[in-house]
Every structure is written in C-alpha cells, then in structure tokens.
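Novice: Okay, here's the structure, questions in a sec.
Each reported figure results from applying straightforward, stated rules to the coordinates on display, with no laboratory input. Keep in mind that this is a model prediction, so the values were computed, not measured. Virtual Cβ from ideal backbone geometry, glycine too; neighbours counted across all protein chains shown.
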Amino acid sequence: MRLAALIISFLCQKSLNKVRDTSNMNIIEMTIHELHSALKSKKLSSLEATIAILERIKAVEPKVSSFITVTPEQALASAKNADEQIASGHCNLLTGIPLAIKDIFLTEGIRTTCGSRILENFIPPYSATSWEKLRDRGAVLLGKLNQDEFAMGSSNECSAYGVTRNPWDTTCIPGGSSGGSAAAVAAGEAIATLGTDTGGSIRQPASHCGCVGLKPTYGRVSRYGVIAYASSLDQVGPMTRDVADCAAILDAIAGYDPKDSTSVNMPVPDYSASLKEGVKGLKIGLPKEYFIDGLDPDVQKTMTEAIETYRRLGAEFIDISLPHTDYAVATYYLIATAEASSNLARYDGVRFGHRAEAGNLLEMYTKSRSEGFGTEVKRRIMLGTYALSSGYYDAYYVKAQKVRTLIMNDFIKVFNDVDVMLTPVAPTPAFKIGEKINDPLQMYLSDIFTIPVNLAGTCAMSLPAGFSANGLPIGLQLIGKPFDEETILRAGYAFEQATEWHTRKASI
Amino acid sequence: MKISVVDVEQVARLARLELTFEEKELFATQMDAILDYVEKLKELNTEGIIPTSHAVPMENAFREDLVMPSIGLAKALANAPGRSDNFFSVPKVIE
C-alpha cells in the first residue's frame, strides 16, 4: 500500500507528457548491456526505465515479496541525475541502470534491517564500499532486498519481513539467504542485484531462480559496510541475467579497500575483456563426491547435458576427487556459528538497534537480544557459543578449523590438474515453502555443494543450465582457482552462448 | 542426549539470550541432532594439521598513523536508543 502510494504520488508530480510510450520495449527484461545501449542511443531515458521497473515492482510485489524497502523517490531522483549525465555525454556502462541490493549492505540515510527486527529502525551513518562503487558509476538504487535474518538461512523463510517467493512457482522458496536478490532479477524487479555468500547464499538462490550469481574469491570485493555474519567466509557478489552483466558488476566492485583489511591488494583484471576466448582445451574437473546417488534426477540430467555441451565446445573433462567434501557441512556449521556468535554480540541495545525496557544493564542486553532476534539466529548463536565455550573449544571449534585445512588442501591439490570444476549447485531444485523449516539439519544439508567453496575461500558461479520436469530452474556451478574469476566467467559465457536457458523468463 | 535443557540454559546465559520454555526444549533437541551430526569430524585424524582461521594467506594490514575525519557525534548518536548530551545512556550500572 505504502509503495503504491509513493509511486503514484511521484508519477503525479512528474510531467508525464514528457515520458514516451515505452510499452513495446520490454524494459523489465533487459540486461545491463541492453539497457545501456538503449540509454546511450537515447531510445530510452533512465527515468523511463526506472518508472517502468517501479511499476513492475508495484505489480508483482504482492506475489513475490523481494523487497524489504523500496526507495522510489531516491530512485527517480538518481535516474533524473543520470539522464543529465547522459545528456552531457557521460554514459558509462552503469550510468542510469536501476539496481537493487540485499538489505545487508549499509546505505547511508536508507533503513537497513538485515532481515531482522533488531534493526527495524536502523538508519546507517555510512554506506558499504561495494554499493558506493556502483552508485559512483551512476547506478540507480531501487531499494533493499529481502533476505534471511542476518543471512542465516537457505530459503528466505527466516526473514522477519515475510517470505520471498520463487517467481517460477510461488509455492516454492527462492533459496537463501540472498533470496530477494535472486527473485527480483527473475521477476523483472531490478536489472541486476548484489547479494552476499557465506555458504552458498548467492549461488543457491541464483540456481533456484534461474539467474547468474557469482561468489568472488574471499578478499576480492570489500566487505566494508556489509553486516557481518561469519567474517572468514562472507563475500559480496553480483546476481544478474547473464554472464556479461556479472562480469560488468564485478569490474565495478572488485578491488582493494583500505577500509577492509581483509580485502586483497592485487591487480584487478578487466573481467569483461576475456569473456569471449572460449573453452577449447579448458580442463574441467568433475569431483565424484558431487555426483552422488541422492542427486535429484532432473539435476543429474541437467549436469549430464551441460557436460555434453562443454565437450562439444572443446573442453576436456577429468575425473577428480575432493575426499573431504562429506565433512564440509559439519565444519561450516561450527565455524560459521562460532563467528556469528561473536559478531552478533554487538547487538546489545546500547548504541543502535532495538532496546527493551529493563531495570538493569544485564536485563537490557538479554531482553533486547531475545526480543530482536528470530529463532534461526538464536539457534546459531547458541550453537556457536557452545562450540566456543570452555571445555568444547578444542573438540568443536579447533577441530573444525583443522578440517577446514584438509578441505582447502583438497582444492589446492585438484587445481594442479584442472582449470575449473563443474558441479551441481544444489542437490534438488527449489523446495516447497515450509518443507524444511522445522528440520534445521535437513536445511543445512541443502548447501552441501556450495559450502566447501567458502571454506576453501575460492570463487564459484551459478548459471542457468536447465529446468526440472515441474518447470523450476536448475543451475550449474563452476568453481575456479583463487582469484581466477576470469576463467569461470569465460567458461560461463561460452556455455551461455551455446544454450538458451538464460533467456527463459518466469511468467508472473 | 549430549545437550540437556540445563546445558541450553547455561549457553543462553553466556550468549545473553533469554529463552522461553518451548525454545529451550526445541533447542535442546535440535542442537543435540546437530552436534550428533558434527561428531563425524572425529572420524578424521587431524594430528599435526594447522587450523585455518582465514582462507587467504595475509600479512597484518598496517596503515600510516594519520589523523582522518570520523563520522562525528551527530551521526554516531543518531541511532542511539537512549542518549544524554553526547553520550549513550544505559540503565544504572553501579549502585
């Protein structure tokens, strides 16, 4: 209701007679590159594009719920500003492109909740570096996207602001935790989005919603201004309609940031430049632990066809093994929850966030946290606190860190023999809303193919590779060597050129 | 059962969380199942393995010790649930 009223009031203020009829242009389905070319050739203005997408948001949000906060006034003002830039001859690839970002990114002056009640009224005093880089290149912010609370979840059912639904089948989850970021791209509610990935939170929703999602190497993109979940695993990445757009966003956000001491100071390649080099002679590894018996038959079939496509394109396949794969989920849920329990100690009701009425300080901490956090966040804080508590520290936390070393060594060894790995993203297509919410362990196990990449710290991408018999998208995962995003982007681009999966649209 | 309701209460105290009776029962059961699952890590011999806390090998990140602008009092206090002059206010700590 509030969103509808805002858009209508803005549209009334604007002189609509200056806006051309753009109904034949299908703005909402455009890629960054397509919209850029329309903006540059003046076939379309950023204001026209932004209005079309805001109207789309108004129309489909009741069914999808991708957004926590829509920012129409700011979006229209930025679009006008972008049009002035374009008129004066300054039109870089992102100028005037309407984007949306996960509500985990701090945005100065714009409410940022991280999907939690505890931050319901939090207005950040500064912005995330990754968002600033997009904004400085002229991108238009449409709003802040729904997510599992503090990025803890695989289905978006753990948001305090309602469940995001999968645009391909609204009875299914969009994946998580960047579920809003994936659903918005799939439902035509943003040209592209940013998400974050701690254990698969970009790749798994990208796979379930039929878009492209890249988790860069740890350290490649600044985490400054990204609300922390598990600091040794969190990474920022693009979610887009095709691989070229994914490269374009990575070109904009990658690089060292003095404000993030874990960002890596090494040269950033031009990711868009090497896309078209093809995959002839590329050595692709197939880890046997990822092609297990329990794999959904539609996922299995999709992988078999993808392998065939790559073979036709001239890639070579090598059977490999990552022997510690089966230990990754257990390792992750000890390390991530331990880091989370420490990171979330800052929510104490003192400086920002929800404060409960209380008679003394301890009661204020305890009540504020207990009222502000949802069940999954409490569960993970409890697990992490347990794993770090005296008597269990060595048996759980240190043990998991040692197994993490073994998992990393698996990756290092395999990358002596192959350039990339090809695997499924998730064992099944999107599951039904409510199906796994009461069984946390089953929910955690749905991330089995994405978690090892975060533990190893390397890069991986999900891209559309097929559909289930029920019409749900299925993604394939390409895993690259650390800081070799170029090769997975190139391999993804070659696949996309040879297939048409990425061109299919959800009918919502 | 590795985890009892009493254990849950102890961990909740450490984590500054107050749980309802239903939450305590639920977490005891669920944490028990999860801890049972992570027991599988014990199958691996990790003797002599160096623990990994960070995936990318890095030196400590030093910077020049320079005076830089900060966000300032107004912005720093803007989200404060309670404030008094230029301070965050909290319930009385010392009697």
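Novice: Spelling out what I want: for every residue of segment A:480-495, take phi, set θ = phi - 60°, compute 6.51 cos²θ - 1.76 cosθ + 1.60 (Karplus), and round to whole Hz; glycine and proline get x.
Specialist: Working through the residues one at a time gives x, 5, x, 6, 10, 4, 4, 5, 6, 5, 5, 5, x, 4, 4, 5 Hz.
Novice: What average number of partner chain Cβ atoms lie no more than 10 Å from the Cβ of the residues making up B:76-85?
Specialist: Mean partner-chain Cβ count within 10 Å for B:76-85: 4.
Novice: Now a separate question. How well do other chains shield peptide B:30-38, expressed as the mean number of their Cβ atoms within 10 Å of each residue Cβ?
Specialist: 6
Novice: Also, quick follow-up: How far apart, in nm, are two points set 7 Å out from the Cα along the Cα-to-Cβ line at A:Phe291 and at B:Glu43?
Specialist: Reported label-point gap for A:Phe291 and B:Glu43 is 2.2 nm.
Novice: Among A:491-502, A:187-198, how do they line up by average Cβ neighbours within 10 Å per residue, starting with the highest?
Specialist: For the peptides A:491-502, A:187-198, the packing ranking is A:187-198, A:491-502.
Novice: Now a separate question. What is the spin-label model distance, in nm, from A:Phe317 to A:Thr304 if the labels are put 7 Å beyond Cα along the C-beta direction?
Specialist: Result: 1.0 nm between the two label points.
Novice: In whole Hz and in residue order, list the ³J(HN,Hα) couplings for segment A:337-346 that follow from phi through the Karplus curve 6.51 cos²θ - 1.76 cosθ + 1.60, θ = phi - 60°; x for Gly and Pro.
Specialist: Per-residue couplings from phi come out as 6, 4, 5, 5, 4, 6, 4, 7, 5, 5 Hz.
Novice: Listed highest first by mean packing, meaning other Cβ atoms within 10 Å per residue, what order do A:149-158, B:58-67, A:224-233 come in?
Specialist: So the peptides A:149-158, B:58-67, A:224-233, ranked by packing, come out A:149-158, A:224-233, B:58-67.
Novice: I've got another one for you. Output the relative contact order of chain A, whole-number percent, from Cα pairs under 8 angstrom with separation of 6+ residues.
Specialist: Rounded, it is 16 percent for chain A.
Novice: If you average the C-alpha positions of segment B:14-60 and of segment A:438-493 separately, how far apart do those two centres end up, in angstrom?
Specialist: 24
Novice: Provide a whole-number value for the mean count of partner chain Cβ atoms within 10 Å of the Cβ atoms in peptide A:393-404.
Specialist: 5
Novice: Across segment A:391-398, in residue order, what do the Karplus-derived ³J(HN,Hα) couplings come to in whole Hz, using 6.51 cos²θ - 1.76 cosθ + 1.60 with θ = phi - 60° and x for Gly and Pro?
Specialist: Here the 3J(HN,Hα) series is x, 10, 3, 5, 5, 10, 5, 5 Hz.
Novice: With +1 on the Cβ of every Lys and Arg and -1 on the Cβ of every Asp and Glu, and nothing else charged, how large is the dipole of segment A:378-462 about its Cα centre, in debye rounded to the nearest 20?
Specialist: 380
Novice: Starting from the Cα of A:Thr171, step 7 Å along the direction of its Cβ; do the same at A:Asp326; then give the gap between the two resulting points in nm.
Specialist: About 3.6 nm, to one decimal.
Novice: Compute the label zone of A:Lys283 within segment A:452-471: residues whose backbone N is under 19 Å from the point 7 Å along Cα-to-Cβ.
Specialist: A:459
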